[in-house]
Amino acid sequence: MRYHKLDLNLLVALDALLEESSVSRAADRVFITQSAMSNALGRLRRHFGDDLVVQVGRRMVLTERAQALRAEVRAILMRIQQVTRPADSFEPGTAQRVFRVAASDYFSMVVLPPLLQYLGERAPQVGLDVMPLGARLSDELERGDVDLLIVPSLYAVKNYPVQVLFEDPWVCVTWSRNTLPGRNLTLTRFLAMEHVAKRENHPSFPPLEEWELDRQKISRKVAIRVPQYGLLPLAVIGTRRVATVQSQVAQLYRRWRLPLSIHRCPFACPPLEESMQWHPVRESDAGHAWLREAIATVCLALPRA
């Protein structure tokens, strides 16, 4: 079928080329031969009057025109996918579907266990593919690589639907036999101690408590950095160090009876606000709406600090 002289079947090939910047990888992506993809690229070049993908040194890169097309083509295909999806009311008890969720280790620790129990009881054949947050959150939504993006509200992607799930205050944790914090962890004692901190995995998304400390020009002595918030409480056990973590994480370890003391955070730090985002084309998807409601319900039932 042609529309404005473009064979619409070529849109799938174009999307693969724009994502992979490689004829061979694009061919693998849509399960066609490399020669067929080369032929499709030739037709696309003639239609757009642009090379789209060019050789620069040893690698292929997108032209400016191709870069401009990337998000638009993906949005068109996502909309087509949504429009052509068979209409159904999504019966959770019998539905067979896997949702892709990009979330932090914090979400995986605090929300995922009760969410999986919720799904097991109400939608036993619905699965989740939970993946770590990427360096470019907007790309994950634009490409449709994820059904849901769950991030701190501070890092939410602009121009996409967003729903705040819950807030979680910050606390400090130490080994229960560590006497340095005293009966009251003051800012003076906090700054005198060595710290275990979460490392910065992506420059665009610094750890929230570190961002707040920098904003207040408070400097702490970081001795150890770990890649996940969930490792912070474990890393202070048997030491005289302190870590700043979300209250939900600290309380989780307390329920597991780890030898930890939990202290009020000695510096002003706004609570973590966790939010959920999705692509607008998912709005009319009954299954997607059900999952969003399920996550919101589970978050509402989390123990309060």
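The values are calculated or read from the model by the stated rules, or taken from the named source; none is laboratory data. Every value quoted in this text rests on a predicted model; they were computed, and no experiment measured them. All Cβ positions, even for glycine, are placed from backbone atoms using ideal geometry, and neighbour counts span all protein chains on display.
Test R29 against the criterion of being assigned to a helix (DSSP H, G or I), over 17 Å from R282 (Cα atoms), modelled with pLDDT under 90 and among the charged types (D, E, K, R), and give yes or no.
On the way: assigned to a helix (DSSP H, G or I): yes; over 17 Å from R282 (Cα atoms): yes; modelled with pLDDT under 90: yes; among the charged types (D, E, K, R): yes.
Yes; evaluated as a whole, the condition is true for this residue.
From the list E91, E121, exactly one residue is in a loop (DSSP other than H, G, I, E, B) and not assigned by TED's automatic domain parsing to the domain that holds H202. Which is it? Before you say what the answer is, go through the steps one by one.
Details: E121 fails: in a loop (DSSP other than H, G, I, E, B).
Criteria check complete, one pass: E91.
So which residues in segment 145-186 are hydroxyl-bearing (S, T, Y), in contact with a Ser or Thr (Cβ under 9 Å, 6 or more places away or on another chain) and within 22 Å of R241 (Cβ to Cβ), if there are any at all? Quick ask: steps written out before the conclusion?
Within segment 145-186, the first condition is being hydroxyl-bearing (S, T, Y), and the residues that meet it are 153, 155, 160, 174, 176, 179, 186.
With the extra rule that they be in contact with a Ser or Thr (Cβ under 9 Å, 6 or more places away or on another chain), the set shrinks to 153, 155, 160, 174, 176.
Across segment 145-186, the qualifying residues are T174, S176.
Across segment 236-259, what is the total count of residues that are within 21 Å of T186 (Cα to Cα) and of a type in the set (A, V, I, L, M, F, W, C)?
6
Across segment 101-127, what is the number of residues that are over 20 Å from P152 (Cα atoms), touching a residue at least 12 places away in the same chain (Cβ under 8 Å) and either in contact with an Asp or Glu (Cβ under 8 Å, 6 or more places away or on another chain) or not aromatic (F, W, Y) (or both)?
Selection size over segment 101-127: 8.
Among helices (runs of 4 or more DSSP H) lying entirely in segment 192-301, which contain 3 or more residues that are of a type in the set (D, E) and surrounded by 16 or more Cβ atoms within 10 Å (Cβ to Cβ)? Talk me through it step by step, then tell me what you get.
Working: elements: 208-215, 232-236, 247-255, 286-300.
Correct list: 208-215.
Return yes when V61 is assigned to a strand (DSSP E or B), over 19 Å from Y160 (Cβ atoms) and at pLDDT 75 or above and no when it is not.
On the way: assigned to a strand (DSSP E or B): yes; over 19 Å from Y160 (Cβ atoms): yes; at pLDDT 75 or above: yes.
Judged against the criteria, V61 is a match.
Test of understanding: among I295, I262, which residue is more than 29 Å from N159 (Cα to Cα) and of a type in the set (V, I, T)? I'd like the intermediate steps shown before the answer.
Working: I295 fails: more than 29 Å from N159 (Cα to Cα).
Just one listed residue meets the conditions, I262.
Does L185 satisfy being touching a residue at least 40 places away in the same chain (Cβ under 8 Å) and out of contact with any helix residue (DSSP H, G or I) (no Cβ under 9 Å at 6 or more places or on another chain)? First the steps, then the outcome.
Details: touching a residue at least 40 places away in the same chain (Cβ under 8 Å): yes; out of contact with any helix residue (DSSP H, G or I) (no Cβ under 9 Å at 6 or more places or on another chain): yes.
Yes; evaluated as a whole, the condition is true for this residue.
Being assigned to a loop (DSSP other than H, G, I, E, B) and touching a strand residue (DSSP E or B) at 6+ places or on another chain (Cβ under 6 Å) is the requirement here; does L133 meet it?
The answer is yes for L133.
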